1. Restricting attention to region 24-40, which residues are among the hydrophobic types (A, V, I, L, M, F, W, C) and either closer than 14 Å to Asp114 by Cβ or in contact with a helix residue (DSSP H, G or I) (Cβ under 6 Å, 6 or more places away or on another chain) (or both)?
2. Just the residues that are charged (D, E, K, R) and more than 16 Å from the chain's Cα centre (by Cα), please, taken from region 95-128.
3. What about Arg32, is it basic (Lys, Arg) and either surrounded by 15 or more Cβ atoms within 10 Å (Cβ to Cβ) or modelled with pLDDT of 95 or more (or both)?
4. Does at least one position in region 47-66 carry a residue that is in a helix (DSSP H, G or I) and either out of contact with any Pro (no Cβ under 7 Å at 6 or more places or on another chain) or touching a residue at least 40 places away in the same chain (Cβ under 8 Å) (or both)?
5. Condition first: under 13 Å from Ala133 (Cβ atoms) and exposed (fewer than 15 other Cβ atoms within 10 Å of the Cβ). Can you find one or more residues in region 70-86 that meet it?
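The values are calculated or read from the model by the stated rules, or taken from the named source; none is laboratory data. This one's a predicted model, so the numbers in the text were calculated from it and none came from an experiment. Cβ atoms come from the backbone with ideal geometry, glycine included; neighbour counts cover every protein chain shown.
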Amino acid sequence: MSIADTNKIIRDYLITQTALTAVATGGIFCPRLPENATLPAVSFFTRGGTSTPYIPGIITPSVQFDCWADNSITARQVYRLLYSALQGIQNIAKGATQGILSAIEEVQGQDLVDSEIPNYFRVLTFFNVMIRAE
């Protein structure tokens, strides 16, 4: 059995969240923010997770999200909107055999300043996302 692209499933859901995209006008990117990206923006990537051989189409990736902005207040605002879009969601269908079954924050947002890229602020968070990816 082949599984669908879980990053695509997550991104396809997030780009429909109008409150988030209204503030994160730079876009939502996977796996990382492109060079010279417009801010504010969101980037994310799968950092691991679990699956079960008994239900091969159900996987549970752990996903790192970075909420970027040119100041810490806006980065935190993007994080709060991402949190509202994901925390506690259930059964978000994407066709008959794909979708997000649930999402729970693993680590609350951490305010960080990127020392290598001046004027880039971010809030780092991790979510456990259960996905039907058949």
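1. So the first thing to find is which residues in region 24-40 are among the hydrophobic types (A, V, I, L, M, F, W, C), and the list is 24, 28-30, 33, 37, 39.
Once the filter is applied, which keeps residues that are among the hydrophobic types (A, V, I, L, M, F, W, C) and either closer than 14 Å to Asp114 by Cβ or in contact with a helix residue (DSSP H, G or I) (Cβ under 6 Å, 6 or more places away or on another chain) (or both), region 24-40 yields Ala24, Ile28, Cys30, Leu33, Ala37, Leu39.
2. The first filter runs over region 95-128 and keeps only residues charged (D, E, K, R), leaving 105-106, 111, 114, 116, 122.
Correct list: Asp111, Asp114, Glu116.
3. Values: basic (Lys, Arg): yes; either surrounded by 15 or more Cβ atoms within 10 Å (Cβ to Cβ) or modelled with pLDDT of 95 or more (or both): no.
So Arg32 fails the test.
4. Pass one, region 47-66, residues in a helix (DSSP H, G or I): none.
Among the residues of region 47-66, not one is in a helix (DSSP H, G or I) and either out of contact with any Pro (no Cβ under 7 Å at 6 or more places or on another chain) or touching a residue at least 40 places away in the same chain (Cβ under 8 Å) (or both), which makes the answer no.
5. Our first condition is that a residue be under 13 Å from Ala133 (Cβ atoms); within region 70-86, this holds for none.
Within region 70-86 (the criterion being under 13 Å from Ala133 (Cβ atoms) and exposed (fewer than 15 other Cβ atoms within 10 Å of the Cβ)), the answer is no, since none of the residues qualifies.
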